[in-house]
1. Condition first: surrounded by 15 or more Cβ atoms within 10 Å (Cβ to Cβ) and in contact (Cβ under 8 Å) with a residue 12 or more places away in the chain. Now tell me which residues in the range 158-176 satisfy that.
2. In the range 66-76, is there at least one residue being in a strand (DSSP E or B) and out of contact with any Phe, Trp or Tyr (no Cβ under 8 Å at 6 or more places or on another chain)?
3. Among Leu93, Leu51, which is surrounded by 20 or more Cβ atoms within 10 Å (Cβ to Cβ) and aliphatic (A, V, I, L, M)?
4. Identify, from the list Asp127, Asp181, the residue that is within 18 Å of the chain's Cα centre (by Cα) and farther than 25 Å from Ser54 by Cα.
5. In the list Asp229, Asp235, which residue meets the criterion of being at pLDDT 95 or above and part of a loop (DSSP other than H, G, I, E, B)?
6. Is at least one residue of the range 214-223 under 23 Å from Glu33 (Cβ atoms), within 18 Å of the chain's Cα centre (by Cα), among the aromatic types (Phe, Trp, Tyr) and not in a loop (DSSP other than H, G, I, E, B)?
7. Any idea which of Asp70, Asp117 is under 20 Å from Leu25 (Cα atoms), open to solvent by 10 Å² or more (accessible area, probe 1.4 Å), modelled with pLDDT of 95 or more and acidic (Asp, Glu)?
8. Which of the residues belonging to the range 135-167 are within 15 Å of Leu73 (Cα to Cα) and of a type outside the set (S, T, N, Q)?
Amino acid sequence: MKWQVGDVTITKIVELEVTGGTRFLLPQATREEVQKIDWLVPHFADQDGRLTLSIHALVVVTPEKRIVVDTCLGNDKQGRRIPHWNERQGRFLEDMREAGFPPATIDTVLCTHLHVDHVGWNTRLVDGQWVPTFPNAQYLFGRVEYEHWSRQTAREDMITVLGDSVQPIFDNGLAELVEWDHRITPEVRLIPSTGHTPGHTSVVIESRGERAMITGDFAHHPCQFARPDWSTLADVDPAAGIETRKRLLGELAGEPVLVIGTHFSGPTAGHVIADGDAWRLVVDERNHPG
């Protein structure tokens, strides 16, 4: 799946897509409540009220750079809280190559935040050592985000994630800590979207008068457009997350901005419109070829 925004192309590389079993993340999204949001069917939920979620990377190609935004789960990782996220043996890198993006051709990796499903393919296991998957890339981590998680010595799961997916990048001299408003290219910049994590960022793309936004996890699922008060159990500051969702969705509503969800399944992208006291995502059929 690919989108064109001016001179920039964005390509989705899927690692994992699931239907159902999402209550661990969004406990308020019961089947009964989801069925009340009829526009979620068929792209983002089924008729039984089960949500569909995706874990994917987005490869942003500008005239100057090839940027991978968020690197999913990775293979061979251990110590993950979700059992089937451990010891994975998926074909993510093969899919990247087949899409025209061999790892050596990537020159920038951006992690919107440092949760396990956004940093996994930063590294791969070679002869028992974690090495950078994208050896020619500069890896961008938010300074606030990195400093926050580096202090969380009681979170064994995050210590593990940093150890196998982030620290090796620093050890190999490929890491750069950036601020919330960092500009990667003339077309691609970051904006703060905190709440899910303290240093969370989203990505704004602007080229030739066209605009797009990659959400990161300020919304895990389009159901949170209809119910911005629904927080995930992974949110560090749920109240701030609700405030961020309402602010950004209010700013996006009615604007010609293609919103590309980091965990949105199926067509993945659309435009935000107001819907009573909340919002909905309208899929643009022209922007998802098949």
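1. Met158, Thr160, Val161, Leu162, Asp164, Ser165, Val166, Pro168, Ile169, Leu174, Ala175, listed by residue number.
2. Yes: one or more hits.
3. Within the list Leu93, Leu51, the selection yields Leu51.
4. One residue alone meets the criteria, Asp181.
5. Unique residue meeting the criteria: Asp229.
6. No, the conditions are met nowhere in the range 214-223.
7. After applying the criteria, what remains is Asp117.
8. Within the range 135-167, Asp157, Met158, Val161, Leu162, Gly163, Asp164, Val166 qualify.
The values are calculated or read from the model by the stated rules, or taken from the named source; none is laboratory data. Computed from a predicted model, the values in this text were never measured in an experiment. No Cβ is skipped: glycine too gets one built from the backbone with ideal geometry, and neighbour counts run over all protein chains shown. Heads up: the accessible areas ignore ligands, DNA and RNA and are worked out on the full protein's heavy atoms, side chains in. Shrake-Rupley method; radii C 1.70, N 1.55, O 1.52, S 1.80 Å.
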